[in-house]
Amino acid sequence: MLSHDQKPDFLWIGCSDSRMSAEHIAGADPGKMFVHRNIANMVVPGDLNILSVVQYAVEVLKVQHVIVCGHYECGGVKAAMAGKKLGLIDQWLVNIKNVRDKYQAELDQIADDHARFDRLVELNVLEQVNHLVETASVQTMWANHKIPSLHGWVFNLRSGLLNEVVNLVPPLMPVAEKEKLTASIR
């Protein structure tokens, strides 16, 4: 019954795209997921909105899993790749452009435009999970309670299938070792 206290097992960080219904994609019943959505499923380190959501979900609700779910054909990622000036949203898209710049050498090796776009979607999800690892809330919970597990998924709008990009189960190495972990995922 929905009137009971919420005790979700999952925090879903997804894209604002209207086709990206967390409960539908995950096959979850109402009340099982605490959901946060923004353009391109970003976990921006200085964004108080996402940091508050993460803190509440992991420290108060004690979710067992945090999922960052992107999707192929993401308009935010596409806009960042195109590099066109769009106005206010450019301040948000700079975060995706930073991911693009970080992995530019890898992306340049992909000749097919569509495959390159798909890979940037995956790399964006990977980077957002890395940002989660760095949050004080996740670090504290990992040190004291060994939860939550972090998952990076990409939803394929064409096939309806989920692609797992990364799955991190605590306890993990210290954040200083994160770059080695990131390199092993690629």
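Taking the condition of being assigned to a loop (DSSP other than H, G, I, E, B) and either surrounded by 15 or more Cβ atoms within 10 Å (Cβ to Cβ) or in contact (Cβ under 8 Å) with a residue 24 or more places away in the chain (or both), how many residues in the range 1-15 meet it? Residues meeting the conditions: 6.
Note on the range 84-97: residues that are exposed (fewer than 14 other Cβ atoms within 10 Å of the Cβ) and either within 17 Å of the chain's Cα centre (by Cα) or under 16 Å from LEU120 (Cα atoms) (or both) total 1. The condition (being over 15 Å from the mean Cα position of the chain (by Cα), aromatic (Phe, Trp, Tyr) and under 22 Å from ASN167 (Cβ atoms)) is satisfied by just one residue among TYR103, TYR56, TYR72: TYR103. Are any residues in the range 32-49 surrounded by 15 or more Cβ atoms within 10 Å (Cβ to Cβ), under 15 Å from the mean Cα position of the chain (by Cα) and assigned to a loop (DSSP other than H, G, I, E, B), and if so, which ones? Once the filter is applied, which keeps residues that are surrounded by 15 or more Cβ atoms within 10 Å (Cβ to Cβ), under 15 Å from the mean Cα position of the chain (by Cα) and assigned to a loop (DSSP other than H, G, I, E, B), the range 32-49 yields ILE39, ALA40, ASN41, MET42, VAL43, VAL44, ASP47. You will find that of VAL68, VAL63, the residue that is under 23 Å from GLU23 (Cα atoms), touching a Pro at 6+ places or on another chain (Cβ under 6 Å) and not acidic (Asp, Glu) is VAL63 and no other.
Restricting to the range 17-31, name every residue that is touching a residue at least 12 places away in the same chain (Cβ under 8 Å) and loosely packed, with under 14 Cβ neighbours inside 10 Å. ARG19, PRO30 - these are the residues of the range 17-31 that are touching a residue at least 12 places away in the same chain (Cβ under 8 Å) and loosely packed, with under 14 Cβ neighbours inside 10 Å.
When ASP29 is tested against (1) in a loop (DSSP other than H, G, I, E, B); (2) in contact with a Cys (Cβ under 8 Å, 6 or more places away or on another chain), exactly one condition is not met: (2).
Pairs are defined by a Cβ separation below 7 Å, a sequence spacing of at least 6 or placement on different chains, a first member in the range 43-60 that is within 23 Å of VAL99 (Cβ to Cβ) and modelled with pLDDT of 95 or more, and a second member that is among the hydroxyl-bearing types (Ser, Thr, Tyr) and outside any helix (DSSP H, G or I); the pairs so defined are LEU51/THR135; VAL54/THR135.
The values are calculated or read from the model by the stated rules, or taken from the named source; none is laboratory data. All of these numbers come straight from a predicted model, not from anything done at the bench. Heads up, the Cβs are rebuilt from the backbone with ideal geometry, glycines too, and the neighbour counts pull from every protein chain shown.
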